[in-house]
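The structure under discussion appears below in the form of structure tokens.
The values are calculated or read from the model by the stated rules, or taken from the named source; none is laboratory data. This structure is a prediction, so every number in the text was calculated from the model and none was measured. So basically every Cβ, Gly included, is an ideal-geometry build from the backbone, and we count neighbours across all protein chains shown. SASA here: full protein model, heavy atoms, side chains in, ligands and nucleic acids out. Shrake-Rupley method; radii C 1.70, N 1.55, O 1.52, S 1.80 Å.
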Amino acid sequence: MSKKAERTTAYIIETVAPIFNKFGYVGTSMSDITEATGLTKGAIYGNFENKEALALSAFQYNQKQLLAVIDEKLNVEGGSMDKIFSLIRFYRQYDVFTLPFGGCPILNVGVDAQNNNRLLAAAVKETINEIEGKIALVLENGVNANEIRIPVPPLQFAKQLFTMLQGAISMASMTRDRKYLVNTIAYLEHLVQKEILN
């Protein structure tokens, strides 16, 4: 693929990623895509096999940005508790972080794709598993280093933690009230402090 073709492909993905994320796979039309990019339908299909391939690339683009920040937050200096609190603090501003994306890609695409796009639904599930795995690894390393003790296996704790975070995100998104997110984060900080023993 030539440099120009690569640039065009990247431009299309970056431009349509927030549109797909906001309006969903079915809700995003080819005319939305051509209007946003200023390219013809032929130019779009010259770079992507079909709309599904473009939607998947758009999700992967958002996913990559999200995972990069999660990695950054979980790789801060310090012990496992510092890393977990770093992640939780990031989620306090998660709605602000995902504003340019058109909202939370996991929530938006996950709900939207459930009954109409198996590929996208599978990509979201894989992303959830990956994030939970990253959190579990931090906890497991903390347990193995005798820094912390947790009442359940690390992956189970990670799944519950992420469930509460995503639940807060969905409530804040649906009600347009970020207090759901802020209050849940405050509760999670207290809960983690209590549940994870140093």
Handout entry: Spatially proximal aspartates and glutamates relative to residue 194 (Cα-Cα < 16 Å; intrachain offsets below 8 disregarded)
Key = 82, 147
Fill in the blank from the handout: Inter-part gap, Cα centre of segment 54-73 to Cα centre of segment 134-198, in whole angstrom, is 21 Å
Practice task
Round to the nearest 10 and give me the degree value, 0 to 90, for the angle of helix 51-74's Cα axis relative to the longest principal axis of the chain.
Solution key: 30 degrees
Completion exercise
Expressed per residue, the solvent accessible area of the chain in Å² (1.4 Å probe) is about 54 Å²
Handout entry: Inter-site label distance for residue 5 and residue 176 at 7 Å from Cα along Cβ, in nm
Key = 4.5 nm
Problem - Alpha-carbon radius of gyration plus Dmax, which is the widest Cα pair, for segment 35-137 in Å - result: 16.2, 52
Practice task
Just check segment 150-191 against the gyration tensor rule for me: Cα atoms, a ≥ b ≥ c as the square roots of the eigenvalues, rounded for a/c under 1.5, and otherwise prolate or oblate depending on whether a/b exceeds b/c.
Solution key: oblate
Handout entry: Taking the C-alpha atoms of segment 102-175, convex hull volume expressed per residue in Å³
Key = 102 Å³
Fill in the blank from the handout: In degrees, nearest 10, the alpha-carbon axis of helix 179-195 is tilted away from the dominant principal axis of the alpha carbons of the chain by 40 degrees
Problem - Distance in nm between pseudo-label sites at residue 40 and residue 130 (7 Å out along the Cβ direction from Cα) - result: 3.5 nm
Practice task
For residue 137 paired with residue 32, estimate the spin-label separation in nm (one decimal), with each label point 7 Å from Cα along the Cα-to-Cβ line.
Solution key: 3.4 nm
Handout entry: Calculated diffusion of the chain, Stokes-Einstein form, Kirkwood radius summed over Cα pairs, 10 °C and 1.306 mPa s, µm²/s
Key = 88 µm²/s
Handout entry: About the Cα centre, charge dipole magnitude for the chain (Lys/Arg +1, Asp/Glu -1 at Cβ), debye
Key = 240 debye
Problem - Within segment 43-84: Cβ-based charge dipole about Cα centre, in debye rounded to nearest 20 (Lys, Arg +1; Asp, Glu -1) - result: 100 debye
Practice task
Please list, or write none, the aspartates and glutamates whose alpha carbon is within less than 18 Å of the alpha carbon of residue 159, excluding same-chain residues fewer than 8 places away.
Solution key: 71, 126, 130, 132, 140, 189, 195
